[in-house]
Every structure is written in structure tokens, then in C-alpha cells.
Amino acid sequence: MLPASALTLEQAWIVDEACDEFEAGWKTGIPPDFQDFVESRPAFLQKALLDELYQIELQYREDADSTALNDLYRRHFPNWISSLVHN
């Protein structure tokens with residue numbers, strides 16, 4: 001699994017397109033299920049995608065309690081949460 005900084009241009013484009021799709025879901029008022037969204041992508045891109053989706057979801061939930069979001073991601077992606085959350 002690759003961090004975003006190690007992606008090829010083509011892989012970065014795939015992650016960017018996925019992020020656009022994820023954000024479009026938020027804009028419709030029906031947030032996508034991040035776990036299904038990440039797990040439906042190639043395994044080697046999942047970490048980079050999760051890094052980006054976490055930031056998008058934080059932005060859309062900025063009025064909500066970020067602790068709840070951190071707990072949600074921690075339950076579903078325990079091996080990667082430390083790179084996303086610094087608390």
C-alpha cells in the first residue's frame with residue numbers, strides 16, 4: 001500500500017477521481033460509506049485514498065465532533081489511523 005507521495009501520476013489521477021466521486025456524494029447530502037468506498041478500490045491504492053478521504057470527510061463534518069469521526073475511522077482502519085490523526 002502506497003502513501004500518496006509515492007504514487008505514480010496515473011495512480012494519483014485514480015485517487016483524485018475517486019476523491020471527486022466521494023465528495024460528490026457528500027454534496028448530494030448522502031455521504032458515501034467510506035469503508036465500502038475504500039475497500040472497493042485496488043488494495044495498493046487504499047492507504048493513499050484513505051488519507052485523502054479522511055481530509056474530505058473532516059471538511060464536510062467540520063461542524064460535527066471530529067472525535068466521533070476519529071473513532072469511526074479507528075474502528076474500521078486501525079492500522080492506518082495513526083497516520084491520519086495526531087492525538
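The values are calculated or read from the model by the stated rules, or taken from the named source; none is laboratory data. Predicted model, so just to flag it, every value in this text is computed and none were measured. Counting neighbours? That spans all protein chains shown, and the Cβs are built from the backbone with ideal geometry, glycine included. Surface areas here come from the heavy atoms of the whole protein model, side chains and all, with no ligands, DNA or RNA. Shrake-Rupley method; radii C 1.70, N 1.55, O 1.52, S 1.80 Å.
For region 73-87: of the residues being open to solvent by less than 40 Å² (accessible area, probe 1.4 Å) and part of a helix (DSSP H, G or I), which is modelled with the highest pLDDT? The extreme case among them is Tyr73.
Show me the helices (runs of 4 or more DSSP H) entirely contained within region 1-61 in which 1 or more residues are in contact with a Pro (Cβ under 9 Å, 6 or more places away or on another chain).
So the answer is 9-27, 43-60.
Restricting region 19-41 to residues that are more than 17 Å from His76 (Cβ to Cβ) and either open to solvent by 60 Å² or more (accessible area, probe 1.4 Å) or hydrophobic (A, V, I, L, M, F, W, C) (or both) leaves a set whose member that is nearest to the chain's Cα centre (by Cα) is Cys19. Candidates are the residues of region 42-64 that are under 10 Å from the mean Cα position of the chain (by Cα) and of a type in the set (S, T, N, Q); the one that is surrounded by the fewest Cβ atoms within 10 Å (Cβ to Cβ) is Gln55.
Can you give me the number of residues within region 4-32 that are among the charged types (D, E, K, R) and out of contact with any helix residue (DSSP H, G or I) (no Cβ under 9 Å at 6 or more places or on another chain)? Looking only at that region, the number is 3. Across region 1-10, the number of residues qualifying as under 19 Å from Trp80 (Cα atoms) and either among the small types (Gly, Ala, Ser) or at pLDDT 90 or above (or both) comes to 3.
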